[in-house]
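Just so it is clear, none of the values below were taken in a lab; they were calculated from the coordinates. These figures come from a predicted structure and were not determined experimentally. With ideal geometry, Cβ positions are generated from the backbone for all residues, glycine too; neighbour counts draw on all protein chains shown.
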């Protein structure tokens with residue numbers, strides 16, 4: 001081939017290559033252009049759609065409507081749930097009351113339609129309880145109120161209502177139904193919107209702290225969105241668990257029982273919640289008035305005054321048994337003075353009565369009204385012993401007397417020094433007095449002195465200085481021989497404190513000393529060991545023993561609580577300590593648990 005032809009062929013090849021390269025390059029540019037254009041169109045469409053300017057195609061519109069409908073279902077469900085939470089199951093009191101009595105038989109609340117995949121969320125229980133360390137549980141510092149109402153079958157129902165200190169919303173309600181031979185106790189736990197989240201029930205003979213994770217809790221109910229998603233039943237320390245998601249695997253009888261429990265507990269939980277909110281919070285004052293010959297006095301006028309300004313808070317009269325009772329609104333700040341008088345008798349006053357939230361009944365010490373025309377005087381002997389070393393008389397001490405019971409202030413009507421045997425002699429008219437004993441190394445110690453023809457000797461106990469963060473409880477009584485036991489049980493039943501020595505009355509006392517942790521709850525009990533062991537649950541031994549429990553802390557005297565008159569029984573819970581405050585309880589029991597605290601030392 002000639003050189004001219006070779007050059008021509010090379011030129012053609014180059015031109016073909018350039019043209020092909022140009023075509024390919026143009027194609028790439030075109031493709032890239034459309035890709036970018038499409039991308040920006042989609043982005044513009046999204047932006048336009050977001051601001052309401054986009055008009056979709058028919059296909060897109062159909063697809064979007066389906067997606068919108070699905071999304072709105074979720075939104076509607078969420079909105080409905082929020083609205084439901086805001087409604088919070090409120091109903092009128094008339095709907096769950098029958099003639100002023102609480103009626104759980106009224107079906108006011110139903111479970112939601114079952115959703116098997118639901119699972120229980122521990123949204124409340126673990127936030128306020130502490131299973132491992134109950135003495136540190138947040139619920140111990142919650143605001144506590146105690147209310148009571150009669151059921152339609154005339155049984156007494158007590159509500160212990162625990163409210164968050166942050167938002168004052170009810171998070172836990174304990175109901176205690178007083179049956180003939182036992183107590184039915186249910187703990188309900190609610191979230192911030194008032195939805196029940198968990199419940200636990202047990203049967204008790206005597207209400208004292210128990211381990212909430214133990215087999216003493218017989219039934220546990222786990223809720224979500226007003227559905228029972230799990231139920232656990234414990235018998236002989238063996239738990240059987242039923243789940244809503246597995247109901248298809250159970251027998252028809254089991255399923256029906258599960259549904260019955262669900263309906264019953266949902267209904268009870270919300271009736272309880274409503275009732276606990278609507279029942280008035282009242283303090284119950286209860287007592288007896290006797291004359292100086294220990295005879296019941298009827299038609300005695302009894303008035304309660306506010307200590308701060310002596311304005312009248314309540315008034316009543318005694319019945320044929322000398323008994324009276326009255327109610328006043330709860331008051332965490334003030335104290336009250338009770339005055340009792342009748343025409344031919346001298347007036348008597350009783351001081352230091354409280355009406356704190358969370359308290360039960362305040363049993364007033366029993367005074368003896370003296371006849372105004374009598375004017376009899378007696379030689380009264382007062383002996384003072386150490387509260388721990390009962391055989392050690394208190395010497396080098398001053399004892400002073402004031403008129404009235406539990407009187408810490410005011411005019412001193414008599415004063416002297418205790419002799420080397422720890423005794424003092426006074427010439428006193430029959431009546432009611434408060435003694436104060438002052439001695440270096442001891443707290444100012446107080447006790448009541450009642451002088452009548454039949455009672456002219458009083459034994460009192462002085463308390464050595466109490467260290468910081470400690471409490472000393474002194475139990476004393478007059479009956480001999482009678483073996484009463486003092487006992488303190490902390491939250492969850494974790495710790496039990498007892499006296500270092502065992503008293504048998506009169507010249508002896510039982511003193512319990514323990515560390516005070518303001519985050520813990522302490523419940524005090526006095527039991528009649530003599531009659532518990534003897535099997536006489538309806539004994540009058542303790543109620544007629546003159547038992548009184550005095551409390552002292554590092555700041556000195558706190559208060560004295562007297563056993564109630566006219567109550568047959570063997571176990572008495574005078575008070576509890578919560579958040580460092582003493583709250584009167586005064587539960588009284590005439591049932592014996594063999595092999596329990598009360599029948600063992």
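Structural remarks
- Chain lengthening between residue 295 and residue 211 when straightened (0.36 nm per residue, less Cα-Cα): 25.7 nm
- Average Cα contact separation per residue, the range 137-233, under 8 Å, 6 or more apart, as relative contact order %: 16 percent
- 0 to 90° range, to nearest 10: angle between helix 3-51 axis and the chain longest Cα axis: 30 degrees
- Prolate/oblate/rounded label for the chain (Cα gyration tensor, a/c 1.5): prolate
- Overall form of the range 101-276 per C-alpha gyration tensor (a/c, 1.5; a/b vs b/c): rounded
- Taking other Cβ atoms within 10 Å as a rough exposure proxy, 109, 575 sort from fewest to most as 109, 575.
- Separation of alpha-carbon centers, the range 411-476 and the range 157-221, rounded to whole Å: 42 Å
- Overall, the anisotropy analysis places the range 280-375 in the prolate class: the square-rooted eigenvalues a ≥ b ≥ c of its C-alpha gyration tensor yield a/c not less than 1.5, with a/b exceeding b/c.
- Förster radius 22 Å - calculated FRET efficiency between residue 232 and residue 533 (Cβ-Cβ, nearest 0.05): 0.05
- Relative contact order %, the chain, counting alpha carbon pairs below 8 Å whose residues are six or more apart: 10 percent
- Placing a label point 7 Å from the Cα of residue 444 along the Cα-to-Cβ direction, the residues of the range 385-413 whose backbone N falls under 17 Å from that point are 397-413.
- Label-zone membership for the range 427-463, site residue 396, 7 angstrom Cα→C-beta point, backbone N under 19 Å: 437-445, 462-463
- Calculated FRET value between residue 427 and residue 280, using beta carbons and R₀ = 41 Å, to 0.05: 0.25
- Projecting label points 7 angstrom from Cα along Cα→Cβ for residue 465 and residue 496 puts them 3.5 nm apart.
- On Cα atoms only, tilt of 58-87 relative to the major axis of the chain in degrees: 0 degrees
- Using alpha-carbon coordinates, inclination of helix 252-278 to the longest axis of the chain, degrees: 60 degrees
- Over the chain: helical MRE at 222 nm, DSSP H runs n ≥ 4 each giving -39500 (n - 2.57), nearest 500: -7000 deg cm²/dmol
- Annotation for residue 332 and residue 516: the two label points, set 7 Å from Cα along the Cα-Cβ direction, are 1.7 nm apart.
- The orientation-averaged projected area of the convex hull spanned by the Cα atoms of the range 466-601 comes to 7.6 nm².
- Simple label model, 7 Å out from Cα along Cβ direction - residue 600 to residue 261, nm: 3.0 nm
- The chain: antiparallel DSSP beta bridges as a percent of all, rounded to 5: 90 percent
- Shown is the FRET efficiency for residue 372 and residue 150, computed with R0 = 45 Å from the Cβ-Cβ distance and rounded to the nearest 0.05: 0.65.
- The largest-to-smallest principal axis extents of the Cα set in the range 107-202 are 39, 38, 26 Å.
- Label reach from residue 319 (point 7 Å along Cα→C-beta): in the range 96-120, amide nitrogens under 20 Å belong to 101.
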